[in-house]
Amino acid sequence: MSIWKKIEIAPEEFIEDIMATMSKKHFNQIADILGMHAKEFYDLEHEALYDRLCEAFAHSLAEDNPRFDKDKFLEACGKM
């Protein structure tokens, strides 16, 4: 079962709720945290889930900041 089903909220809705007060520092922290766990997702064969999670964050962050570099963010997340 997906974690999003367990908490009954879509990833996009969750991200939108926290975006209002985000700064570059927060964007970097998100990428760092996701990147620290990338290998675990891949080792557990949950690549698709990890990719969707990173893409959802990248999409929302890009909407919030027109100068946001999606490719740089995804690279920092450790997408393999």
Search result, residues across region 1-46 that are assigned to a loop (DSSP other than H, G, I, E, B), at pLDDT 65 or above and closer than 21 Å to LYS79 by Cβ
MET22, LEU44, GLU45, HIS46
Where residues in region 59-80 are under 21 Å from MET36 (Cβ atoms) and small (Gly, Ala, Ser), which of them is most open to solvent (accessible area, probe 1.4 Å)?
ALA76
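Conditions (1) within 13 Å of ASN28 (Cα to Cα); (2) without any contact (Cβ under 8 Å) to a residue 12 or more places away in the chain; (3) within 12 Å of the chain's Cα centre (by Cα), marked per residue:
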| residue | (1), (2), (3) |
| --- | --- |
| GLU40 | no, yes, no |
| ALA48 | no, yes, no |
| ASP51 | no, no, yes |
| ASP64 | no, no, no |
| CYS77 | yes, no, yes |
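The values are calculated or read from the model by the stated rules, or taken from the named source; none is laboratory data. From a predicted model like this one, the values you see are computed outputs, not experimental measurements. So basically every Cβ, Gly included, is an ideal-geometry build from the backbone, and we count neighbours across all protein chains shown. Remember, those area values only see protein heavy atoms, side chains included, never the ligands or the DNA or RNA. Shrake-Rupley method; radii C 1.70, N 1.55, O 1.52, S 1.80 Å.
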